[in-house]
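Just so you know, all these numbers are worked out from the coordinates, no wet-lab data involved. These numbers were taken from a predicted model, which means no experiment stands behind them. Cβ placement follows ideal geometry from the backbone for every residue including glycine, while neighbour counts extend to all protein chains displayed.
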Amino acid sequence: MRTAMEDAGQKLRRVRERLKLTYRDVEHATQKIAQVHGNYEYSVGLSRLADIENRGTLPSLFRMYSLCAVYRIPFEKALGWYGIDLQALCIDASRSPLCQTYPFDLRPSSRSEANVPAVDEGFEGKSTTYLSRHSRHWSGSSLNFLHPLDHSRTRYAFIGTDDWCMYPLVPPGSFIEIDTDKRKVVRDGWTAEHDRPIYFLESRDGFKCAWCTQREGKLYVQPHSQSPEPPSVFDFPGEAEIIGQVVGIAMRVDLGKRRHTRS
């Protein structure tokens, strides 16, 4: 039975043959890349290329880069031939929860748009709807009821599994979206706790997600009233930095058992 690496090697071979490149052509081209980067690891020798194509030898990251450059194929595509799907990176990260809260910068690749269901043009989105009943095909351009994200100002963070600061509004294990343009602490404008802005900040105690009040050079960090975490006070600016305002939350709803067993 052929292995995935053998199949990947054959795909690389077919690309090379389609470009009418010989082993010697590839060796010379990758040697030039190695010279530019000052790293011999970028070079793919004759015997190494033969092993990659015919024996299923796994190329190093450097050699994979060089082959992709010479063959004009996306690096992500070549990784997919070896069974590595970069679109799964964010999902796999969520399967490895951290106890503490941390920001992260894992973003879906551009190909992930193809995984968004298109909906009928008459769909308004005003009422709760099972989208599968309205989907026609897969495309990212037809979800016109969603506003596109401005990734230049958007950051993300994972709420640690031991972080109960904003429970139940932001349960442990949640992913949050942060607007880094909204760093000013507002004093009013909300009528209920669900409307009150939640901020993501970094202090000497680490990263926090909480309500904030700024007054007389102090930043008062207030957890949710149902949280066991105590409030905090920091000199501001100085001891704390507001990274931005939370504008999106992706959470799990099966926290009941963990909540009751927590001591």
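Packing, taken as the mean count of other beta carbons within 10 Å per residue, orders the peptides 38-51, 163-176, 180-193, 226-239 from highest to lowest as 163-176, 38-51, 226-239, 180-193.
Using a cut-off of 15 Å between beta-carbons, work out the net charge of the residues near Gly189 (Lys and Arg +1, Asp and Glu -1, Gly189 not included). Net local charge, Gly189 excluded: +1. A straight chain from Thr180 to Arg18 at 0.36 nm per residue would run longer than the Cα-Cα distance by 53.6 nm. Roughly what would the spin-label model give for Arg72 and Lys218, points 7 Å off Cα along C-beta, in nm? With each label placed 7 Å out from Cα toward Cβ, I get 6.6 nm. Computed over the alpha carbons of the stretch 4-81, Rg followed by Dmax gives 11.2, 32 Å. In plain terms, the chain from Asp25 to Glu202 could stretch by 58.5 nm, reckoned as 0.36 nm per residue minus the Cα-Cα distance. If you take all other residues with their beta carbon under 12 Å from the beta carbon of Arg48, and give Lys and Arg +1 and Asp and Glu -1, the sum is -2. In whole angstrom, how far apart do the alpha carbon centroids of the stretch 10-47 and the stretch 165-183 sit? Here the answer is 47 Å between Cα centres. Taking a sphere under 10 Å around the Cβ of Gln214 and counting the other residues whose Cβ falls inside, with K and R at +1 and D and E at -1, yields a net charge of +3.
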